[in-house]
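The values are calculated or read from the model by the stated rules, or taken from the named source; none is laboratory data. Every value quoted in this text rests on a predicted model; they were computed, and no experiment measured them. With ideal geometry, Cβ positions are generated from the backbone for all residues, glycine too; neighbour counts draw on all protein chains shown. In case anyone asks, the SASA skips ligands and DNA or RNA and just uses the protein heavy atoms, side chains included. Shrake-Rupley method; radii C 1.70, N 1.55, O 1.52, S 1.80 Å.
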Amino acid sequence: MSEQQPVEPQPVDRQRVEIEYCTQCRWLPRAAWLAQELLTTFETELTELALKPGKGGVFVVRVNDEVVWDRREQGFPEPTAVKRLVRDRVAPGKPLGHADRAADVSP
């Protein structure tokens with residue numbers, strides 16, 4: 001009789017974040033830092049986070065292939081802004097603590 005290996009459950013929903021960054025501009029450290037922030041905040045919600053090398057000044061954040069931040073249109077993101085956008089797509093009820101409070105403060 002052969003032993004059966006335990007089967008790991010597959011995630012019900014694929015939650016993938018991709019950060020495409022410009023290698024010519026040397027934006028890997030910025031992309032890696034943002035990736036670390038997202039992985040720390042959404043450690044159980046994300047199934048994958050990818051860093052995608054690009055060119056031509058690109059810095060784009062995608063959630064499940066949807067562009068949620070594009071540097072060319074919005075400038076460089078603050079991590080709290082990206083966290084809110086990711087949260088709204090992968091974990092809508094998740095509180096973000098200080099990131100939520102910063103959004104509630106009006107200038």
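Points worth noting:
- Cβ pairs under 9 Å, 6+ apart, first in region 39-59 and closer than 11 Å to residue 20 by Cα, second outside any loop (DSSP other than H, G, I, E, B) and aromatic (Phe, Trp, Tyr): 51/21; 52/21; 53/21; 54/21; 58/21; 59/21; 59/69
- Inclusion of residue 58 among residues that are modelled with pLDDT of 95 or more and closer than 15 Å to residue 89 by Cβ is not warranted.
- The residue that is most open to solvent (accessible area, probe 1.4 Å), counting only those in region 44-59 that are more than 16 Å from residue 85 (Cα to Cα) and under 13 Å from the mean Cα position of the chain (by Cα), is 44.
- Residue in region 29-39 that is more than 18 Å from residue 94 (Cα to Cα) and of a type in the set (D, E, K, R) present: yes
- Single unsatisfied condition, residue 81 versus (1) within 10 Å of the chain's Cα centre (by Cα); (2) surrounded by 15 or more Cβ atoms within 10 Å (Cβ to Cβ); (3) within 21 Å of residue 27 (Cα to Cα): (1)
- Members of region 60-75 that are more than 12 Å from residue 19 (Cβ to Cβ) and open to solvent by less than 70 Å² (accessible area, probe 1.4 Å): 64, 75
- Some residue of region 11-29 being modelled with pLDDT under 95 and open to solvent by 100 Å² or more (accessible area, probe 1.4 Å): yes
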